[in-house]
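Contents: one structure, followed by commentary.
The values are calculated or read from the model by the stated rules, or taken from the named source; none is laboratory data. Model, not experiment: these values are computed from the prediction. All Cβ positions, glycine included, derive from the backbone under ideal geometry; neighbour counts span all protein chains shown. Each accessible area value is taken on the protein alone, full model and side chains, heavy atoms only, with ligands, DNA and RNA left out. Shrake-Rupley method; radii C 1.70, N 1.55, O 1.52, S 1.80 Å.
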Amino acid sequence: DTDTDTDTDTDTDTDQSAMCPCAGDTWWADKDTDATVHIRPTGAVDGWSDTLGTPSHPLTSLAEAQSVLSGNDTLHTVAMWPGEHSAAGETITWLVEHNITLTGCGPDDSTLSLTPASEAQAHLELGRGADSTGAASANISDLTLVATVSDLPLIHVNDGDNVNMSRLLLQGNGLVPLLIIGQSTAVVLQESSLINGAQAIWIEDSDVSLE
């Protein structure tokens with residue numbers, strides 16, 4: 001916004017909706033910006049100061065987002081700006097267990113490298129899992145997800161229900177399947193690419209839609 005004050009300072013009341021992190025406003029068009037935490041790997045936007053996690057004062061990591069979102073029931077989306085992001089798989093699992101949607105600016109712009117937990121069966125574990133304590137649903141879109149360990153799948157959906165993955169690039173290591181889906185219903189993978197896996201997808205006793 002243009003500074004309309006009569007003084008000489010910079011207007012700090014700039015409309016945040018004008019600060020779309022994605023080229024062409026593709027991300028901003030259909031999201032509730034007031035319920036979103038923003039992550040920019042390179043840190044805060046120069047010259048801006050605002051509430052932590054807003055477009056003018058984005059966080060720098062998903063771990064920071066987990067801290068901000070803990071105990072907060074008004075925020076339900078994490079927006080990952082262009083750049084190279086990284087996170088522990090259990091951080092992503094925690095986010096989806098708390099009904100947080102993860103979205104980026106598209107697989108060409110927003111990349112997330114995942115580090116699995118020590119006892120994990122995959123870099124990212126979705127669904128209720130063997131102990132039935134996880135979240136059945138998940139929403140992840142517009143990202144490249146990268147495996148960092150050679151002998152683990154990228155994503156394992158175990159006992160999932162209403163898992164939606166769209167506009168993703170899943171990048172593995174060539175040794176194991178990229179995506180394993182077991183005992184799950186209403187799993188949707190759309191407009192996505194899978195590369196460098198021993199197999200792209202392994203499906204067992206599940207209702208999966210590939211679009």
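Taken over the stretch 103-162, the criterion of being touching an Asp or Glu at 6+ places or on another chain (Cβ under 6 Å), assigned to a strand (DSSP E or B) and farther than 21 Å from TRP81 by Cα is satisfied by HIS156 alone.
Scan the stretch 173-191 residue by residue and report those that are closer than 16 Å to VAL157 by Cα and in a loop (DSSP other than H, G, I, E, B). Outline the logic, then answer.
Our first condition is that a residue be closer than 16 Å to VAL157 by Cα; within the stretch 173-191, this holds for 176-190.
Listed by number, the residues that qualify are VAL176, PRO177, LEU178, GLN183, SER184.
Regarding ASP73, is this residue under 27 Å from ARG40 (Cβ atoms) and out of contact with any Leu (no Cβ under 8 Å at 6 or more places or on another chain)?
On the way: under 27 Å from ARG40 (Cβ atoms): yes; out of contact with any Leu (no Cβ under 8 Å at 6 or more places or on another chain): yes.
Answer is yes for this residue.
When the residues of the stretch 48-60 are narrowed to those that are open to solvent by 10 Å² or more (accessible area, probe 1.4 Å) and touching a helix residue (DSSP H, G or I) at 6+ places or on another chain (Cβ under 9 Å), which ends up modelled with the lowest pLDDT? Lay out the reasoning, then the answer.
Start the filter on the stretch 48-60 by keeping residues that are open to solvent by 10 Å² or more (accessible area, probe 1.4 Å), which leaves 48-52, 54, 57, 60.
From what is left, the residues that are touching a helix residue (DSSP H, G or I) at 6+ places or on another chain (Cβ under 9 Å) are 50, 52, 54.
Details: ASP50: 64, LEU52: 80, THR54: 82.
Within the stretch 48-60, the match that is modelled with the lowest pLDDT is ASP50.
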